[in-house]
Amino acid sequence: MAIRNIVELGDEALRKVCKPQDKFGIRLALLLKDMADTMYKAEGVGLAAPQVGILRRVAVVDIGEGLIEMVNPKIVWASEEEQCGREGCLSLPGRQGVVRRPMKVRVLAQDRHGNPIEIEGEGFLARALCHEIDHLDGHLWIDHADRELTPEEIEGHIPEDDAQ
Ligand code: NI
């Protein structure tokens, strides 16, 4: 188990467009394992490779329903229906905002062996998938949040919580 360092806002890796992952060998397997370990240790629900300084289109998500590994993920469909709720990021510790996302998305990706996989996400999973795929293009939630929460709101209740 290797915990990697998570870079924070200000690190240029977070603003780069990542390259496709074109090799599916032991290095990718190790990266995915380290990313999952790092995400769980930090108690996050997702982590993208640029957050550990690797500029490749690789991400992991686990919202408590099992680990999803995504290589070269792409959102191929998003619902018109939206959700509006709180969102944070391991690269922006202590900050949360209200972010609008599609209620449902369909993602095409590859697994660690290069096999095609399809992931359907609704609600919080859709939010997490969108958030991680955004990272691969250098986008962060602060770029398109409706508003940023105050420390009191982060600890407490906001109206948007009721819709989740
Ligand atoms: Ni993030």
Inset, instruction - Considering (1) in contact with a strand residue (DSSP E or B) (Cβ under 6 Å, 6 or more places away or on another chain); (2) modelled with pLDDT of 95 or more, say which one Glu160 fails and leave the rest. - result: (2)
Inset, instruction - Go through region 4-45 residue by residue and tally those that are closer than 21 Å to Lys74 by Cβ and assigned to a loop (DSSP other than H, G, I, E, B). - result: 9
Legend entry - Subset of region 131-141 (residues that are in contact (Cβ under 8 Å) with a residue 60 or more places away in the chain and part of a loop (DSSP other than H, G, I, E, B)): Leu136, Asp137, Gly138, Leu140
Legend entry - region 152-164, residues that are loosely packed, with under 11 Cβ neighbours inside 10 Å and either touching a residue at least 12 places away in the same chain (Cβ under 8 Å) or not in a helix (DSSP H, G or I) (or both): Gly156, His157, Ala163
Legend entry - Some residue of region 72-87 being more than 16 Å from the ligand (Cβ to nearest atom), on the phi > 0 side of the Ramachandran plot and at pLDDT 95 or above: yes
Legend entry - Leading residue by the ranking (nearest to the chain's Cα centre (by Cα)) among those in region 55-71 that are buried (at least 19 other Cβ atoms within 10 Å of the Cβ) and more than 11 Å from the ligand (Cβ to nearest atom): Val60
Legend entry - strands (runs of 3 or more DSSP E) enclosed by region 59-130 - at least 3 residues per element that are in contact (Cβ under 8 Å) with a residue 24 or more places away in the chain: 68-78, 82-88, 96-102, 104-110
Inset, instruction - Answer yes or no: is there a residue in region 45-52 that is over 21 Å from His157 (Cα atoms), surrounded by fewer than 18 Cβ atoms within 10 Å (Cβ to Cβ) and over 12 Å from the mean Cα position of the chain (by Cα). - result: no
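The values are calculated or read from the model by the stated rules, or taken from the named source; none is laboratory data. Here the structure is a predicted model, which means the values were calculated and not measured. A quick note on method: Cβ atoms are made from the backbone with ideal geometry, for glycine too, and the neighbour counts reach across all protein chains shown.
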